[in-house]
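See structure below.
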Amino acid sequence: MRGIRRHDFMNGTDLNTEMLFALLRAGLWEQPEAVVHCSPLSAASWEEVLSLAEKQTVTGIAYLGIRFLPEGLEPPVNVLVKWAAKADAIERRNIRMGKALDELCSLFRENGISPVLQKGHDVASLYGHPLLRECGDIDFYFTTPEEKSAASAIAERHGCRIKRASDGSGCYSWNGIPVEHHSRLLDLYSPFRRGLAGKLEAEYGFEDAFLESGGGFRIQVKVPAPMLKLLMLDLHILKHVVGKGIGLRQICDMARACFCLHDRISVQEAECVARKTGIRKWNRLLHSFMVTCLGLDRGCLPYQDMDASGTEALFKRIMDGGNFGRSAHGGMLSGDTPVWSRKLNTAAAFLLNSGFSLSVAPEETLSV
């Protein structure tokens, strides 16, 4: 990975934020030069950097970057110990999730059901150190309503209580790990493009993967093919950008996907898909952010199209919001929060950010 040339607006950010981004660049790409020119920080500032990393759910990735810091720039021992403990907890949770994922995949397979894993361990496999990518829940996509219903019935027979989310997803806990069953893979909401999702799935399809569990065995599961995976991650970020907000982890996921998959997709096809789905303007901004802020090599982009004019606005949106906007809008709402309250919270976030959202993806913004 080449060294990063920061966009001018980053020169005005505080040293704590600059350090977080430097650690991410070093951790994402094993890039020692990303932290060479960092300024020394006080103990209080290092606590703030750790807090920022937690807010953005990139604690593990940033932890990887610490090992590249020049002598004298390292965090104080008490902060380093705290950070190491959090990184260890992330690894242990990922191992637990890998075990749960393997159990569910095996159970479904025994019953003739073949769900598609969305993100999770599949996206983690794109990282150099998969266990340090913070996990959320296990998301399964079912290509037919019949498979989704059958899978839910199996989970219920094993004692799981399934709750229905407002979007129709089924949610439950499997040995303490949250699981969701979805009937939508691609977050395409424009009424003019909804039929396109099925066509793209049929065109690019899925593939079998054997993912490292972290527990000494591999997990057999179906995952989206490279083009579909990139589009899924891209649209997922856009959905949250125009809604409650998005965090750095999701954009780090996209950057790693671009890095690992760019040689498995056609530049012409990637550009054609972006045009068909109406996200070319959004992608110019996303591409610019990944290159200028996260240090992704421009040659790894799905296609060469960037526009830095809105990068500062996206940067502010991410830093204000944190993981899926949970920091900016009153924190994470519990699963028992009434549907009307969750919808009101989403609507308020949408109204607050509608100017930015309409500027980058007007069609999807008005359709979400």
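The values are calculated or read from the model by the stated rules, or taken from the named source; none is laboratory data. Computed from a predicted model, the values in this text were never measured in an experiment. All Cβ positions, glycine included, derive from the backbone under ideal geometry; neighbour counts span all protein chains shown.
Report every pair of residues separated by at least 6 positions or lying on different chains whose Cβ atoms are under 9 Å apart, first residue within the range 258-272 and over 13 Å from Q304 (Cβ atoms), second surrounded by 12 or more Cβ atoms within 10 Å (Cβ to Cβ) and modelled with pLDDT under 95.
F259/M1
For the range 236-257, give me each residue that is within 19 Å of A270 (Cβ to Cβ), of a type in the set (A, V, I, L, M) and in contact (Cβ under 8 Å) with a residue 60 or more places away in the chain.
Within the range 236-257, L238, I251, A255, A257 qualify.
Tell me, please, whether a residue that is in contact with a Ser or Thr (Cβ under 8 Å, 6 or more places away or on another chain), of a type outside the set (A, V, I, L, M), modelled with pLDDT under 95 and not in a strand (DSSP E or B) can be found in the range 151-170.
yes
May I ask you to list the residues in the range 17-75 that are acidic (D, E) and closer than 19 Å to A255 by Cβ? Walk me through it before giving the result.
As a first pass, look at the range 17-75 and keep what is acidic (D, E): 18, 30, 33, 47-48, 54, 71, 74.
Matches in the range 17-75: E18, E30, E33.
Yes or no, residue by residue, for (1) under 19 Å from H182 (Cβ atoms); (2) surrounded by fewer than 22 Cβ atoms within 10 Å (Cβ to Cβ); (3) among the hydroxyl-bearing types (S, T, Y):
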{"site": "Y204", "(1), (2), (3)": "yes, yes, yes"}
{"site": "G215", "(1), (2), (3)": "no, yes, no"}
{"site": "K222", "(1), (2), (3)": "yes, yes, no"}
{"site": "L230", "(1), (2), (3)": "yes, no, no"}
{"site": "D234", "(1), (2), (3)": "yes, no, no"}
{"site": "L238", "(1), (2), (3)": "yes, no, no"}
{"site": "I251", "(1), (2), (3)": "no, no, no"}
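Is it the case, given these coordinates, that A26 is modelled with pLDDT of 95 or more, closer than 26 Å to G299 by Cβ, touching a Phe, Trp or Tyr at 6+ places or on another chain (Cβ under 6 Å) and not assigned by TED's automatic domain parsing to the domain that holds M306?
Judged against the criteria, A26 is a match.
Could you please find all residues in the range 117-149 being of a type outside the set (S, T, N, Q), in contact (Cβ under 8 Å) with a residue 40 or more places away in the chain, touching a strand residue (DSSP E or B) at 6+ places or on another chain (Cβ under 7 Å) and under 17 Å from H181 (Cβ atoms)?
Hits for the range 117-149 are L117, K119, H121, D122, D137, I138, D139, F140, Y141, F142.
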